[in-house]
Amino acid sequence: MTREPQPIRVLIAKPGLDGHDRGAKVLVRALRDAGMEVIYTGLFQTPEMVARAAMQEDVQVVGLSILSGAHMSLFPRILTALTDEGHDDVLVVAGGTIPAADVSRVKAMGVAEVFTPGTPLDAIVTYIRKNAPVRLAETL
Amino acid sequence: MGMVDRAVGGDRRALARLASVVEAGGDAADTVYASLPTPPVDTQVIGITGPPGAGKSSIINRLVEAYLGRGDDVAALFIDPSSPFTGGAVLGDRIRMDEWADDRVFLRSLASRGWESGLAPSTAFMVRLFAAVGFERVIVESVGVGQDAVDIRELVDTVVVVQVPNLGDTVQTLKAGILEIADLYVVNKSDLPGSQTAVRELNALLRLVESDPSRYPAQVRAVSASRGTGIEDVLSTLDHHRAWLADHATTSTSAERQASWYLRKRLQAEVHELSAADGFRAVTADLISGACGATEATRRVRELLVGR
């Protein structure tokens, strides 16, 4: 019996003090409809909660939705926390109101791509499908 | 050091990766399963089931808090439905979880991946994995279910059915199915009107018939997961059931029930996959046209399955 390829597992997180989750919910729905398994953690997540959830759920992708303007302080803490959890072989992407001037700085931190308002959902799905790390069979 | 050894030694990252291997199934999962050590403690596997929105995840959050408070470790598996159209899933139970920055807690979400009865294909093996690495409590939360999803009782030691007020009249509690399987009924949202009625009706249902001495006398508890009331009582009832099980040897072990469940469901899933094949469609067409009867059609499908 041939095995179906495993669905891509994605964590969508709302870090920090940011109560606006409509964008995150739209994206969660779009990724679900694209056949992915999407873990949504809800609002007000600390960097450590995001990283721990990503590790326990063994996701290939972490999507950070942020509209509070705190991305420059929260994103480095999340990336560090992911390394602390040993879960650094993960594609980290971000979306929300991230000013154009900050995009290159966010990418320099290690966020692979930034999807600002107006990005077509298809573009996000396609990007994730293309770039989600493939989990190679490890030595057991 | 191999991944299994690292997971058993407490490496949570290794455990998370092993869970993915087990979930994916196939030869690698079989290899993991074969190399798991005997669980170091007598793990209590607790199943939590009930309708969507009843508060299953919120109750688990409170149980995690209570177990941690007395120094016990606890793993929870949260199962949510996969889409029958795209295979995708939204796994949203972590939303109810507080921050548990403690290695004694491990939470994992699973998609049902097309298996029915509110459980994921890997559920039995996941339970075995978390027991093998030493979790004393493993909680399994089913998909939100209605009246007839009773399979969870095959996979766990203790069945908790969560109910909420105002789900219907007393005839609902008389119906067969999910309201027969609980060791513990938890009426959540006890802060809402109607909860005492729900507790009373469940208690009345349990007293309608003489209790079967070979079965645990089911209990009813009212809680408010949002306010955190009644949780200690639930915890002590779960402990009571565990002690009762230890004193009452049952005819089949949980390992036997889990293995049997897995094999039955796996064959069902294979039949489901077969139903998309040309040979199966040909049998369906013959059944519709009357070229063969139901018994003959079933025999031909059985042959197709064996021939795969």
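Seen from all sides and averaged, what is the projected area of the convex hull of the Cα atoms in chain B, in nm²?
Reported value for the Cα convex hull: 18.7 nm².
Chain pair B, A: how much accessible area is buried, both chains summed, with a 1.4 Å probe, in Å² to 100?
Summing both chains' loss of accessible area gives about 3000 Å².
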So what are region A:72-140's ellipsoid semi-axes, whole angstrom, largest first, if each one is the square root of 5 times an eigenvalue of the alpha-carbon gyration tensor?
23, 18, 8
GNM, chain B, Cα, under 10 Å: largest mean-square fluctuation among B:Glu116, B:Glu141, B:Glu256?
B:Glu256
Accessible area in square angstrom per residue, chain A, 1.4 angstrom probe:
46 Å²
Helix-derived mean residue ellipticity, 222 nm - over chain A, DSSP H n ≥ 4, -39500 (n - 2.57), to 500
-12500 deg cm²/dmol
Which percent of the accessible area of chain B is formed by carbon and sulfur heavy atoms (probe 1.4 angstrom)?
53 percent
DSSP beta bridge pairing in chain A, given as percent antiparallel to the nearest 5:
0 percent
Too long at a 26 Å Cα-Cα cut-off: which of A:Lys130/B:Lys265; B:Lys56/B:Lys265; A:Lys25/B:Lys265; A:Lys14/A:Lys130; A:Lys14/B:Lys265?
A:Lys130/B:Lys265; A:Lys25/B:Lys265; A:Lys14/B:Lys265
Using Cα centres only, tell me the gap between region B:226-244 and region B:294-308 in whole Å.
49 Å
On Cα atoms only, tilt of A:100-109 relative to the major axis of chain A in degrees:
50 degrees
Three-way shape label, region B:1-48, alpha-carbon gyration tensor, a/c 1.5
oblate
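Before rounding to the nearest 500, sum -39500 (n - 2.57) across all DSSP H runs of length at least 4 in chain B and divide by the residue total; then give [θ] at 222 nm in deg cm²/dmol.
-13500 deg cm²/dmol
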Would you mind checking the tilt of helix A:22-33 against the longest principal axis of the Cα atoms of chain A, expressed as 0 to 90 degrees and rounded to 10?
20 degrees
So between B:Leu192 and B:Ala34, what do we pick up on full extension, going 0.36 nm a residue minus the alpha carbon distance?
52.0 nm
Global form of region B:99-219, assessed from the alpha-carbon gyration tensor, a/c cut-off 1.5
prolate
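What fraction of the DSSP beta bridges in chain B is antiparallel, stated in percent and rounded to the nearest 5?
Of the beta bridges lying entirely in chain B, close to 5 percent run antiparallel.
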Between B:Leu68 and A:Thr46, what is the spin-label point distance in nm, taking each point 7 Å from the Cα along the Cα→C-beta axis?
1.0 nm
Would you mind calculating the relative contact order of chain B from Cα pairs under 8 angstrom and at least 6 residues apart, reporting the percent as a whole number?
17 percent
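At a 1.4 Å probe, what is the % contribution of carbon and sulfur to the accessible area of chain A?
Roughly 56 percent, rounded to a whole number.
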With a ≥ b ≥ c taken as the square roots of the eigenvalues of the C-alpha gyration tensor of the protein assembly as shown, please select rounded if a/c is under 1.5 and otherwise prolate if a/b is larger than b/c or oblate if it is not?
oblate
Can you find, among B:Val156, B:Asn203, B:Gly230, the residue sitting farthest towards the positive end of the charge dipole of region B:104-233, where Lys and Arg contribute +1 and Asp and Glu -1 at Cβ?
B:Gly230
When all Cα-Cα pair distances of region B:172-308 are considered, the percent exceeding 25 Å is 55 percent
Label-point gap, in nm, between B:Glu210 and B:Asp5 - each point 7 angstrom along Cα→Cβ:
5.9 nm
To the nearest Å, what is the center-to-center distance of region B:88-133 and region A:25-67, using C-alpha atoms only?
15 Å
Under 20 Å by backbone N from the virtual spin label 7 Å along Cα-to-Cβ at A:Asp88, the residues of region A:57-72 are A:57-64
Compute the convex hull volume of the Cα atoms of region A:1-115, divide it by the residue count, and report the result per residue in Å³ as a whole number.
101 Å³
Under a point-charge model restricted to the Cβ atoms of Lys and Arg (+1) and Asp and Glu (-1), what is the dipole moment magnitude of region B:219-268 relative to its Cα centre, in debye to the nearest 20?
400 debye
If unit charges are put on Cβ atoms (+1 for Lys and Arg, -1 for Asp and Glu) and the dipole of the protein assembly as shown is taken about its Cα centre, the option from A:Pro15, B:Val22, B:Val45 lying farthest towards the positive end turns out to be A:Pro15
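Viscosity 1.306 mPa s, temperature 10 °C: give me the Stokes-Einstein translational D for region A:12-65 in µm²/s, with Rh taken as the Kirkwood radius over C-alpha pairs. Walk me through the numbers on the way to the answer.
On the way: Rh = 11.3 Å.
My calculation gives 141 µm²/s for D.
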Taking only protein heavy atoms into account and a 1.4 Å probe, give the accessible area per residue of chain B in Å².
46 Å²
Using unit Cβ charges (K, R positive; D, E negative) and no other charged atoms, how large, in debye to the nearest 20, is the dipole of chain B about its Cα centre?
340 debye
Picking from B:Ser20, B:Ser211, B:Ser82, which is most flexible by a Gaussian network model of chain B using Cα springs under 10 Å?
B:Ser211
Two-site label geometry, B:Ala246 and B:Ile288: point separation in nm, points 7 Å out along Cα→Cβ
5.9 nm
Under a Gaussian network model of chain B whose springs join Cα atoms within less than 10 Å, the largest fluctuation of B:Arg207, B:Arg108, B:Arg137 belongs to B:Arg207
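The values are calculated or read from the model by the stated rules, or taken from the named source; none is laboratory data. Source: prediction; values computed, not measured. Ideal geometry is used to build each Cβ from the backbone, glycine not excepted, and the neighbour counts take in all protein chains shown. Each accessible area value is taken on the protein alone, full model and side chains, heavy atoms only, with ligands, DNA and RNA left out. Shrake-Rupley method; radii C 1.70, N 1.55, O 1.52, S 1.80 Å.
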